[in-house]
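S.K.: First the structure, which I've put down as structure tokens, then a few questions once you've had a look.
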Amino acid sequence: MGWQLSRFALTKQVPLTISRGTTAKVEHLLLEFSYGGCTGRGETGGFDTGQRCYDTAALEQELQQWLPSLGAAAPPPRQEWRSILAPLSPPARCAVDLALHDWWGKQMGYPLWQLWGLGLDRLKPTSITLGLGSVEEMLQRLTTWRCMLPATRVKLKLGSPAGVSHDQALVEALVPHLAGAELQVDANGGWDLETAKFMLPWLVDRGVVLVEQPLPARSGDEQDFAALHGLAPIAIVADESCWGIEDMLRLAPYVQGVNLKLLKTGGLTDAFFMAQLAQHLNLNLMLGCYSDSSLLNGAAAQLLPLVEWPDLDSHLNLINDPFLAPPRQGDLLMPSQLPGIGVP
């Protein structure tokens with residue numbers, strides 16, 4: 001059993017600005033696992049949610065120190081992966097978890113979605129993201145996206161440091177250009193409670209169907225979400241507040257959905273379990289990304305049959321993606337038919 005860890009750079013065609021700042025390029029880690037003539041690959045990288053911050057160099061060191069503990073024997077049985085990987089941070093765990101899943105699927109000869117017994121008859125279009133900026137920059141970004149795909153679902157970043165008046169100006173300017181597209185907004189925790197209470201009904205009046213992370217993530221923030229519950233007929237989705245199973249359970253009474261990101265969940269093992277649990281909690285799922293390549297988004301795409309709001313567009317905004325993108329028809333992303341994660 002052999003492991004190889006290497007760095008690779010990712011550069012955005014259009015830098016993305018959210019309430020916490022702007023990202024133009026990142027450095028990620030590729031983890032390759034080989035055994036029995038088969039190689040599985042996983043990806044991870046640093047990210048900052050405002051409450052938790054992970055650095056790529058620190059993740060590299062964490063993995064280099066931990067990987068020798070696996071030894072050179074055969075990979076552990078799949079039912080043991082969660083307990084064996086538990087000591088790792090979520091993004092470090094993600095790299096190992098994806099590499100093992102990719103190897104397992106390739107060994108079995110099927111994509112993960114088929115091994116999980118999922119079908120492809122209920123796939124939904126992905127949203128495309130418009131970052132914070134001026135009205136002119138936002139509308140130009142929409143035009144650029146529409147040169148690539150239909151953009152039937154648009155997610156607008158709000159929570160501007162310039163204040164709620166700028167958020168409102170962006171929404172008012174965008175609505176006439178939607179051409180029937182569904183409009184979602186993501187405040188990335190950029191509003192306080194009073195602003196959120198004001199903005200939810202205001203957004204409903206302008207046709208917005210979903211608000212992601214209106215409030216900052218913090219310990220006990222389920223009470224903040226409770227204060228918004230039932231205030232307006234709009235779906236509220238928790239992102240930065242929801243990392244794992246425990247967060248999903250505490251937030252379920254007050255939100256209509258949660259955003260699964262593999263770097264938060266620690267890979268596919270917990271993400272798949274959370275997706276199943278969401279069905280029993282009457283929660284819809286968003287499937288999101290950070291500045292991720294086609295490898296990480298291709299892994300996430302294996303969960304698409306369980307997702308109401310796909311949000312896997314980061315790889316479409318890269319100028320140097322080293323992997324082949326998951327298949328899509330217009331803005332309908334699909335899990336690959338290739339074995340494992342399915343990303344060449």
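S.K.: Among the residues of segment 160-175, how many are of a type in the set (D, E, K, R) and farther than 13 Å from residue 207 by Cα? Write out each step before concluding.
M.R.: Residues of segment 160-175 that are of a type in the set (D, E, K, R), as a first pass: 167, 172.
Within this subset, residues satisfying the condition of being farther than 13 Å from residue 207 by Cα are 167.
The total comes to 1.
S.K.: Would you point out the residue of segment 35-54, among those that are touching a residue at least 40 places away in the same chain (Cβ under 8 Å) and over 17 Å from residue 263 (Cα atoms), that is least open to solvent (accessible area, probe 1.4 Å)?
M.R.: 40
S.K.: In addition: Quick one: is residue 241 small (Gly, Ala, Ser), touching a residue at least 60 places away in the same chain (Cβ under 8 Å) and crowded, with 17+ Cβ neighbours inside 10 Å? Spell out how you get there, then give the answer.
M.R.: Numbers: small (Gly, Ala, Ser): yes; touching a residue at least 60 places away in the same chain (Cβ under 8 Å): no; crowded, with 17+ Cβ neighbours inside 10 Å: yes.
Criteria not met by residue 241.
S.K.: Separate question: What residue, among those in segment 110-165 that are over 19 Å from residue 302 (Cβ atoms) and polar (S, T, N, Q), is most open to solvent (accessible area, probe 1.4 Å)?
M.R.: Step by step, filter segment 110-165, then rank; the result is 140.
S.K.: Among all residue pairs at least 6 apart or on different chains, which show Cβ distances below 6 Å where the first residue, located in segment 1-29, is among the small types (Gly, Ala, Ser) and the second is open to solvent by less than 60 Å² (accessible area, probe 1.4 Å)?
M.R.: Listed by first residue and then by second, the contacts come to 2/34; 6/30; 19/159; 19/188; 19/190; 24/12.
S.K.: Now for a separate question. Please go through segment 306-333 and pick out each residue that is aliphatic (A, V, I, L, M) and closer than 18 Å to residue 43 by Cβ.
M.R.: To start, the set of residues in segment 306-333 that are aliphatic (A, V, I, L, M) comprises 306-307, 312, 316, 318-319, 324-325, 332-333.
Of everything in segment 306-333, those that are aliphatic (A, V, I, L, M) and closer than 18 Å to residue 43 by Cβ turn out to be 312, 316, 318, 319, 324, 325, 333.
S.K.: Could I ask something else about it? Filter segment 55-85 down to residues that are more than 22 Å from residue 116 (Cα to Cα) and surrounded by fewer than 23 Cβ atoms within 10 Å (Cβ to Cβ), then give me how many there are.
M.R.: 19
S.K.: Moving on to the next point. Identify all residues within segment 210-231 that are farther than 18 Å from residue 52 by Cβ, aliphatic (A, V, I, L, M) and out of contact with any Lys or Arg (no Cβ under 9 Å at 6 or more places or on another chain); write none if there are none. So that I can check it myself, show each step before the final result.
M.R.: Taking segment 210-231 and keeping what is farther than 18 Å from residue 52 by Cβ, we get 210-211, 214, 223, 225-231.
Then drop every residue that is not aliphatic (A, V, I, L, M), which leaves 210-211, 226-228, 231.
Listed by number, the residues that qualify are 211, 226.
S.K.: Also, quick follow-up: Output the residues belonging to segment 1-22 that are open to solvent by 50 Å² or more (accessible area, probe 1.4 Å) and not aliphatic (A, V, I, L, M).
M.R.: Selection gives 3, 4, 7, 13, 15, 20, 22.
S.K.: All but one of (1) open to solvent by 40 Å² or more (accessible area, probe 1.4 Å); (2) in a helix (DSSP H, G or I); (3) touching a strand residue (DSSP E or B) at 6+ places or on another chain (Cβ under 7 Å) hold for residue 209, so report the exception by its number.
M.R.: Checking residue 209 against (1) open to solvent by 40 Å² or more (accessible area, probe 1.4 Å); (2) in a helix (DSSP H, G or I); (3) touching a strand residue (DSSP E or B) at 6+ places or on another chain (Cβ under 7 Å), the one that fails is (2).
S.K.: Could you tell me which numbered condition residue 161 fails, if it satisfies all but one of (1) within 22 Å of the chain's Cα centre (by Cα); (2) in a loop (DSSP other than H, G, I, E, B)?
M.R.: Unmet condition: (1).
S.K.: So, one more: Consider segment 139-154. How many of its residues are within 16 Å of residue 176 (Cα to Cα) and part of a helix (DSSP H, G or I)?
M.R.: Residues that pass the stated criteria total 6.
S.K.: Sticking with this structure for a sec: One residue is enough: does segment 184-202 have a residue meeting the conditions open to solvent by 20 Å² or more (accessible area, probe 1.4 Å), touching a strand residue (DSSP E or B) at 6+ places or on another chain (Cβ under 9 Å) and closer than 18 Å to residue 313 by Cα?
M.R.: No, every residue in segment 184-202 fails to be open to solvent by 20 Å² or more (accessible area, probe 1.4 Å), touching a strand residue (DSSP E or B) at 6+ places or on another chain (Cβ under 9 Å) and closer than 18 Å to residue 313 by Cα.
S.K.: Of everything in segment 277-291, what is closer than 15 Å to residue 247 by Cβ and either surrounded by fewer than 20 Cβ atoms within 10 Å (Cβ to Cβ) or of a type in the set (A, V, I, L, M) (or both)? Give them in sequence order.
M.R.: Initially, segment 277-291 is screened for residues closer than 15 Å to residue 247 by Cβ, giving 277-278, 281, 283, 285-286, 288.
Scanning segment 277-291 gives 277, 278, 281, 283, 285, 286.
The values are calculated or read from the model by the stated rules, or taken from the named source; none is laboratory data. Computed from a predicted structure; not experimentally measured. Note that we place each Cβ from the backbone using ideal geometry, even for glycine, and neighbour counts take in every protein chain shown. For the accessible areas, the whole protein counts, side chains as well, though only heavy atoms, and no ligand, DNA or RNA atoms are used. Shrake-Rupley method; radii C 1.70, N 1.55, O 1.52, S 1.80 Å.
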